[in-house]
Amino acid sequence: MKLKKIKIDLIFLEIILSLTFFSLLAIYSSTMIGNSIYFKKHFLRILLGLLALLLGILIPYDFWGERRAKILYTLSLIFLFLTVFFSKISSKTIREFSFLFLKFQPQEFCKIFLLFFVADFLAKVKEKRELSKFHKELLLIVLLILLILFQPAIGTAAILFLTVFIMLLFAGIKLSIIFCFLIIILPFIFAAMNIFPHARERLKKFKEGKIEQQYHSRIAIGSGGLFGKGLGYGKQKFKFIPKIHTDFIFAGIAEELGFIRILFLLFSYSFILIRGITIAQNADSNFGKFFATGFIIMISFYIFLHIFSAFALIPVTGQPLPFISYGGSALISNLFASGVVLNISHTGRISYEEI
């Protein structure tokens, strides 16, 4: 059969692509004093990410609901259980798996799969279906977040918790049920912050104002001034800020490009959030509405936590700056989810059963 022409939100697509290709410049500049392998790997990951973006755009978004959402949730459980299992038997934290020539972090893909599961679940509740399974599904959501929490990936788990919390509010779920969701997960998050040594140490140093990375991060941002020191001329990447290409890339960009150009970056993120919420509001199904809303909320938290950490307003969380920080799994999963959001923005969309 002849497929109808796909019309997507071009503004959303253009900004996503602009940020993604800008990341090449940011990664090159922040790692130029070290090994050029970072740039080469990031370039390859962008190519894979663009394929994932195209996949998200071309496959009708309702393909990821119903039975497939449950399958993806099950895969997430398997991968997260495996990471916990291998971490226990090796006595060290394992968050990465190898497949052929690729390495990936399961939690980055699991968070997108969880959004599919939650969106499908809330859509059924909204349409007054499967109400009897409400508590069961909610417990499954809690289980996945807790598995991510005890990777340990406290920042990611906290972001997912807040994202699901807002999705529940957005869906109009009873406040008594939302309160139960809060009292189940919040104690675990606070406990993890005090149980895991690295989290406890970060919190302690933050309270004492002794986190070296954040000290140099603020120097980088302040020394950038209005127009920056110039691309490649930043000083804080000279071993003052470890992992500047991942956890503190915003500081590196601010130092070299300055406040004026950073505003363009912030405006770009603002447009992503605005366009994403618009797409969610205009979605032609509850599943599409909830997924787009969840993804935009999640991306918002990543942006705010990364920037707040760079300004030393919160403890170091190790969260990447979406579409820019070095990290293949995060980039590819975010581009795929962005493709799904673009698919939701279709006009004249066809259902996958008709293909």
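The values are calculated or read from the model by the stated rules, or taken from the named source; none is laboratory data. Just so you know, these numbers come straight off a predicted model, no measurement behind them. So basically every Cβ, Gly included, is an ideal-geometry build from the backbone, and we count neighbours across all protein chains shown.
For region 277-291, what are the residues that are surrounded by 22 or more Cβ atoms within 10 Å (Cβ to Cβ), closer than 16 Å to LEU169 by Cβ and of a type in the set (A, V, I, L, M)?
Of everything in region 277-291, just one residue is surrounded by 22 or more Cβ atoms within 10 Å (Cβ to Cβ), closer than 16 Å to LEU169 by Cβ and of a type in the set (A, V, I, L, M), namely ALA280.
Return yes when ILE241 is surrounded by 14 or more Cβ atoms within 10 Å (Cβ to Cβ) and touching a residue at least 60 places away in the same chain (Cβ under 8 Å) and no when it is not. Working first, answer last.
Values: surrounded by 14 or more Cβ atoms within 10 Å (Cβ to Cβ): yes; touching a residue at least 60 places away in the same chain (Cβ under 8 Å): no.
It is false that ILE241 is surrounded by 14 or more Cβ atoms within 10 Å (Cβ to Cβ) and touching a residue at least 60 places away in the same chain (Cβ under 8 Å).
Please list, ordered by first then second residue, the pairs with beta carbon atoms under 9 Å, 6 or more apart or interchain, first in region 13-27 and more than 18 Å from PHE39 (Cβ to Cβ) and touching a residue at least 12 places away in the same chain (Cβ under 8 Å), second of a type in the set (Asp, Glu) and surrounded by fewer than 16 Cβ atoms within 10 Å (Cβ to Cβ).
Cβ pairs passing all conditions: none.
Would you pick out the residues in region 259-277 that are in contact (Cβ under 8 Å) with a residue 24 or more places away in the chain and under 16 Å from ALA337 (Cα atoms)?
TYR269, ILE272, LEU273, ARG275, GLY276
Would you call PHE121 in a helix (DSSP H, G or I) and either in contact with a strand residue (DSSP E or B) (Cβ under 8 Å, 6 or more places away or on another chain) or modelled with pLDDT under 85 (or both)? Lay out the reasoning, then the answer.
Working: in a helix (DSSP H, G or I): yes; either in contact with a strand residue (DSSP E or B) (Cβ under 8 Å, 6 or more places away or on another chain) or modelled with pLDDT under 85 (or both): no.
No, not satisfied.
Of the residues ALA292, ALA312, which is within 27 Å of GLU66 (Cα to Cα) and either under 16 Å from the mean Cα position of the chain (by Cα) or not in a helix (DSSP H, G or I) (or both)? Walk me through how you get there before you give the answer.
Numbers: ALA312 fails: within 27 Å of GLU66 (Cα to Cα).
When all the criteria are applied, what remains is ALA292.
Could you please find all residues in region 230-269 being farther than 29 Å from ILE11 by Cα and modelled with pLDDT of 90 or more? Show your work before the answer.
Restricting attention to region 230-269, the residues satisfying the condition of being farther than 29 Å from ILE11 by Cα are 232-244.
Residues satisfying the conditions do not exist here.
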